[in-house]
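Here the structure is laid out as structure tokens; the discussion comes afterwards.
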Amino acid sequence: MRVILIRHGETEWNQARRLQGQVDIPLSPAGKGQVALLRPLIQHLAPTHVVISALSRAADTADVLGLQVNGTEPRLNEAHLGEWEGVSSAELKAAGPEYAAWRAGRFDPPGAEPHEIFRARIRAGFDAVVAGAASHDTVAIITHSGVVRGLLAQLVGLDPARAVPSHPASVTLLDVNGDEVKLRLYNYAGDLPLGDPAD
């Protein structure tokens, strides 16, 4: 099975570099434009089963891609970031080393979903999607940067500290054969910027 992990397009909070977590922010006009650039690639990959997170930015992304959604999986929602939701990354970086530790998967923000619980949640959601789509060769999951990072850490051993987070409107491809998972492509975006992606 080929699994296409798609990070949603940019929101106004992404543009302002404010952490969203589970705050339900829709795509911005710029984000819709980013997603539109991915449409030829997604049409080429031709997923026959599509599952999205329960947040509206994932649904907006599916709509721009012209995909028919077969199901919603709330376990693939972004991490709940507690007191950090709505705070700018610049403010958090200036406050101390905790932001860098969080980006590396080694710190839980105050009041946030603990990292181990988040990882268990998203892995259960991923496994449920794969099991539910067993008759399909190509499956698309529209989700979030933290989910992509967390899944890659578990599925292929990619340490979050060793890779930039996925960009808005980017694609990561996995080949799944039972318990064997191989990373085929990471963080491809048609308009990949040179700087670090927004949170």
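The values are calculated or read from the model by the stated rules, or taken from the named source; none is laboratory data. Treat the numbers as computed from the prediction; the structure is a model and nothing was measured. Counting neighbours? That spans all protein chains shown, and the Cβs are built from the backbone with ideal geometry, glycine included.
Each residue in region 114-129 was checked for being crowded, with 20+ Cβ neighbours inside 10 Å and aliphatic (A, V, I, L, M), and 2 of them qualify. Note on region 46-57: residues that are farther than 17 Å from ALA128 by Cβ and either basic (Lys, Arg) or exposed (fewer than 15 other Cβ atoms within 10 Å of the Cβ) (or both) total 3. Of all the numbered requirements in (1) on the phi < 0 side of the Ramachandran plot; (2) modelled with pLDDT under 95; (3) in contact with a helix residue (DSSP H, G or I) (Cβ under 7 Å, 6 or more places away or on another chain), ARG106 misses one, and that requirement is (3). All but one of (1) exposed (fewer than 15 other Cβ atoms within 10 Å of the Cβ); (2) assigned to a loop (DSSP other than H, G, I, E, B) hold for GLU78, so report the exception by its number. Only one criterion in (1) exposed (fewer than 15 other Cβ atoms within 10 Å of the Cβ); (2) assigned to a loop (DSSP other than H, G, I, E, B) is unmet by GLU78, namely (1). Flag set for LEU41, criterion: part of a helix (DSSP H, G or I), closer than 23 Å to TYR188 by Cα, modelled with pLDDT of 95 or more and more than 17 Å from the chain's Cα centre (by Cα). Is one or more of the residues making up region 92-115 of a type in the set (Asp, Glu) and closer than 16 Å to GLY21 by Cα? Yes, because at least one residue in region 92-115 is of a type in the set (Asp, Glu) and closer than 16 Å to GLY21 by Cα. If you check GLY105, GLY157, GLY111 for being within 19 Å of the chain's Cα centre (by Cα), loosely packed, with under 15 Cβ neighbours inside 10 Å and assigned to a loop (DSSP other than H, G, I, E, B), only one passes: GLY157.
Do we have any residue at all in region 182-194 that's at positive phi, under 12 Å from the mean Cα position of the chain (by Cα) and not in a loop (DSSP other than H, G, I, E, B)? Checking region 182-194: at least one residue is at positive phi, under 12 Å from the mean Cα position of the chain (by Cα) and not in a loop (DSSP other than H, G, I, E, B).
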